[in-house]
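Right, one structure below, let's go through it.
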Amino acid sequence: MIRWFRAVTILWAGAFVLMLIGLWLETALHVAAGSMFALYAGKRVWNSPSVVQSVYLIPLVLAAGVIWWGLDLSLHSHEVGILYVHGVIPYIRHTLSVLFSSEGVWFSLLTWLNLGLMGGIVFVLEKRQST
């Protein structure tokens, strides 16, 4: 019982930190994951090119769009300027309002769906390759 309580507490703390840092962290995560997926996809296509492996382009194109959207959303909301000029509490209020706005929710949803798509493609193709 204590293990579950500790795990849930850590999960909620991590979710709060994700919300606190906001869109910058999600965009950076997507850049890192997209870069790693591009390296993986490039290696796979280079070693055995086929038409089936063009499926790698779908999440890469989607990642480029989501990364651009995240940067635009973060820069448009001037999050860093609010932190510098007004302090931490107004920054938290603003970040939460942007993160839970309709555009912020759609951005987060698309980010995590694309990360899941990347992971799913790697898992399915690795599973298929090993059998």
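The values are calculated or read from the model by the stated rules, or taken from the named source; none is laboratory data. Worth saying up front: this structure is predicted, and the values here are computed from it rather than measured. With ideal geometry, Cβ positions are generated from the backbone for all residues, glycine too; neighbour counts draw on all protein chains shown. Please note that ligands, DNA and RNA were not included when accessible areas were found on the heavy atoms of the full protein model with its side chains. Shrake-Rupley method; radii C 1.70, N 1.55, O 1.52, S 1.80 Å.
Structure data summary
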quantity	calculated
Test result for Leu25, open to solvent by 40 Å² or more (accessible area, probe 1.4 Å), modelled with pLDDT under 75 and under 18 Å from the mean Cα position of the chain (by Cα)	no
Any hit, region 94-101, residues being closer than 19 Å to Val61 by Cα and assigned to a helix (DSSP H, G or I)	no
Those residues of region 42-101 which are surrounded by 14 or more Cβ atoms within 10 Å (Cβ to Cβ), hydroxyl-bearing (Ser, Thr, Tyr) and farther than 19 Å from Leu113 by Cα, in sequence order	Ser74, Ser77, Tyr91, Thr95
